[in-house]
Structure formats: structure tokens, C-alpha cells
1. Hey, among 78, 9, 62, 55, which residue is open to solvent by 40 Å² or more (accessible area, probe 1.4 Å) and either within 29 Å of the chain's Cα centre (by Cα) or at pLDDT 95 or above (or both)?
2. Just give me the residues in the stretch 223-257 being open to solvent by 10 Å² or more (accessible area, probe 1.4 Å), of a type in the set (S, T, N, Q) and within 8 Å of the ligand (Cβ to nearest atom), in sequence order.
3. Report, by residue number, each residue of the stretch 258-271 that is more than 13 Å from the ligand (Cβ to nearest atom) and charged (D, E, K, R).
4. Output yes when any residue across the stretch 277-288 is open to solvent by less than 30 Å² (accessible area, probe 1.4 Å) and near the ligand (Cβ under 9 Å from one of its atoms), and no when none is.
5. Using beta carbons and a limit of 6 Å, which pairs, at least six apart or on different chains, have the first residue in the stretch 260-285 and within 19 Å of residue 215 (Cβ to Cβ) and the second one open to solvent by 50 Å² or more (accessible area, probe 1.4 Å) and within 15 Å of the ligand (Cβ to nearest atom)?
6. Which is among the charged types (D, E, K, R), open to solvent by 60 Å² or more (accessible area, probe 1.4 Å) and in a helix (DSSP H, G or I), of 157, 194?
7. Given the conditions (1) open to solvent by 30 Å² or more (accessible area, probe 1.4 Å); (2) away from the ligand (no atom under 15 Å from the Cβ); (3) within 20 Å of residue 239 (Cβ to Cβ), report the number of the one that residue 316 does not fulfil.
8. Counting just the residues of the stretch 294-313 that are in contact with a helix residue (DSSP H, G or I) (Cβ under 8 Å, 6 or more places away or on another chain) and assigned to a loop (DSSP other than H, G, I, E, B), which one comes out farthest from the ligand (Cβ to nearest atom)?
Amino acid sequence: MPTLVVQPRSRLFHGHDWVYASDVKIVTGNPEPGDEVILNDLRGKPLGSAIYNPRSQIVARRYSFRRQHLDADFFKRRIERAVKVRDSLGIDTNLCRLVWSESDGLPGLIVDSYGDHIVIQTLTLAMGLRENLIVEALIEVLNPKTITARNDAPVRKAEGMEVEKKMLLGEQPAPFAIQSAGMTFQIDVWEGQKTGLYLDQIDNYQLVARHAKGKRVLDCFSNQGGFAQACALAGASEVTAVDASESANLQAQANATASGLSIKFVTDNAFDFLKDSEKKGDKYDLIILDPPSFTKTKNSVNDAMRGYKEIHLRAMKMMEPDGIMMTFSCSHHVSTGEFYANIRDAAVDAKRSLRLIERYSQRPDHPILVGIPETEYLRGYAVQVIASW
Ligand code: SAH
């Protein structure tokens, strides 16, 4: 196999699996983009096997500490292992992310399960080139009815691949509904946001809803209304959900109807909605803020912080005494410290004292690797107003 000699002090020696262009000392054996390569240190000691793509900033991603080919058996073993991990954590494997890229030893492969319907994304060239092997392994391990490729993520372009959607097994499934803990979700594997649902928040719906009984709830950036539904089920006195997407709101309305819940859905820019509501003097007991990632790069972190500050400030001003704000950030570029400081600064501006009552993370079907900080991206806090001045 071709070999990359890695510079001392690169991340690989600190538990990470990524090799940046600047970490590479020598390339031998003329690897093609998408090939398997062996990583060596300066003394020739092997560091494992990696996928290679010189077009990407991350030129190599280690997938094994041994010499390992990306063959059919490898994919089968890795997928079986990923399923076992979810099973062992008590996660419903009919509604979950079954494979999450580096976190499951398959860099650039995402597999989401909606029962008989599987949706995959290949986000590295090496995975894209081996789609057939992946499909074979998925059929063997999971025996699904359909496999859809939602390869419409723009990151594929950075790897030199097309952006596309296609069926890899079976006919394109019509949108269908799925139930979870009394909630309903519309799964549209072809047109839905992400691959159909924000799977990473599912556990947090219940955690948040424990605070909702008898409360006036506002779910901002609600998508399919997972938080709204869970709060309504938990006995909230009134639930309003706001999302800018018309299609997400139509799905959310269908969910509420199917679950027998009364929720008020508003299609609006949440920034405008919060501003107008605050001006009108509206009050809520519980406000959930789960915006999209305001930043995809380190460079726009400041813009993201301004966005968080604005929604935090407005939400806090609308909170009743004892009111609780649950706020989430899904960008790993925004650190825990920065996000927390943003809440504190907004509280000072809003003239509120807050008590931290809960912290949230991503569902463990998006496993966090200690050695790869980028795998930890979803952070949430519940803060309660204890005084205002
Ligand atoms: N809370 C949701 C996930 C939210 S994802 C859940 O648990 O599933 C972010 C959502 O914000 C998306 O549904 C997107 O349509 C919506 N969105 C993006 N920009 C928005 C804006 N400016 N105002 C309101 N909604 C917005």
C-alpha cells in the first residue's frame, strides 16, 4: 500500500485520526484520491490505515490502527459493531443514526435508520467510491426495504464529488410517519431536512418536557416540533412552535394532529418573531431555542455569537419569574465556554439572574470520541430566572 510519513507533533500523536496536508512529510507509492494508505511515523513505525484525498484539507483519515483493507468484510464488521453499540445503549435502532462517520470507524459514512428505510450519506471520496460495498454490507446486516443516498451535502464538493440524491435499493419511499414515545414524525427521506429528522435531539425532548407541566411553552426553530410535542404530551398549558420553513411546519402540524395534540404553529423568522413578541409584552414560562448552526467555519464564530446573543436576550426578557430557557448550539466551532459566556452576557443585558439547572448533549447515536473534539458538537443548557432587576 502507498504510505504517508507523518510529521512529529501532528494530531495523530494526540489521539486524533486526521492528517492535515501540513502534517505530511513524505508520500510514497503514488496513491490516488480515495485510496487506502498506510501511515508511518518518521522512523517507519506504522500508525495505521487511512483513506486518502489530497483535494481535501484533511488529506488522510485513519480508520484502523492496523493494516486493514476496505473490503466487504470490513464494512460488514464495522456496521455490525455500530449497531451493537446502539443496542447496548438502549437506543431504538429503528429510529436512529446507525453509523456516524469517524465515531464509528467509517470516516465520511453516515447511515440513518427509519425502520425498513435506510438513508446513507457518503461524504468522503473513499466512501463514495465504495458505495457498492457499503450497500452490500447494509443489506447483509440490516435487510432493509430501501436504501436512499442523500448525497446532497455541499461538503462532497470539497472532496471532488458530485452533489446528488439517488436510490441504491428499492423504490423511492413515499413520505411516511413514525411514532416515538407518543410523538409522531414525518419521514421524507428524499426532501426532508437532514435525512428526514434531527435524530440527535430525540432524547432531549423528554428531558426538556419534564419541566413543561402546566407551563406556557415556546419552541423556537421547531422543525417537526419534537420539543413542542413532548411538552404538550407532558401537560403544558399552551404550546407555540416557530419555524421559518413552511414545509417543516406542515410536517409538524401533521405530527401534532396524528399525536392528538393542540399546538400553535407559526411560520416566521424566529428573530423577527422574538422581537415582535417581546415588544408586544408576551410572556412564557419555558422557551426552547434550537437554531441551525450559525457558523460552519471558525471564521464566522463572531456572527454566530451575535445571533445567539440576540435570541438569548429576547427570550430572557420574555420569561416569567421562575421561567426556564433551554438553549442549544449545534456548531462544534462554538466552544462550551463561549456559548456559556454568551448566555451570561445576555443575562446581564436582560437584567436577569439565572440558575443553571441542566446540561444537554447529542444523543449517543452520535458518539463523542475523546480524541476527536470535532465529534462533540451539540451543547445545551437549561437556565432558570431567579431574579430580575
Ligand atoms: N428543534 C428541531 C431542530 C431544529 S433545526 C428538532 O428538534 O428537530 C433548525 C430549524 O430552524 C430548522 O427547522 C430550520 O427550518 C429552522 N430555521 C432556520 N433559520 C430559521 C430562522 N431564521 N427562523 C426560524 N426558523 C429557522
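1. 55
2. The answer is 223, 245.
3. 264
4. Scanning the stretch 277-288, I find at least one residue that is open to solvent by less than 30 Å² (accessible area, probe 1.4 Å) and near the ligand (Cβ under 9 Å from one of its atoms), so the answer is yes.
5. If the second residue must be open to solvent by 50 Å² or more (accessible area, probe 1.4 Å) and within 15 Å of the ligand (Cβ to nearest atom), the pairs left are 265/253; 274/314; 278/314.
6. 157
7. Among (1) open to solvent by 30 Å² or more (accessible area, probe 1.4 Å); (2) away from the ligand (no atom under 15 Å from the Cβ); (3) within 20 Å of residue 239 (Cβ to Cβ), the lone unmet condition for residue 316 is (1).
8. 295
The values are calculated or read from the model by the stated rules, or taken from the named source; none is laboratory data. Predicted model only: the values in this text are computed from it and were never measured. Neighbour counts run over all protein chains shown; Cβ positions are idealised from the backbone, glycine included. In case anyone asks, the SASA skips ligands and DNA or RNA and just uses the protein heavy atoms, side chains included. Shrake-Rupley method; radii C 1.70, N 1.55, O 1.52, S 1.80 Å.
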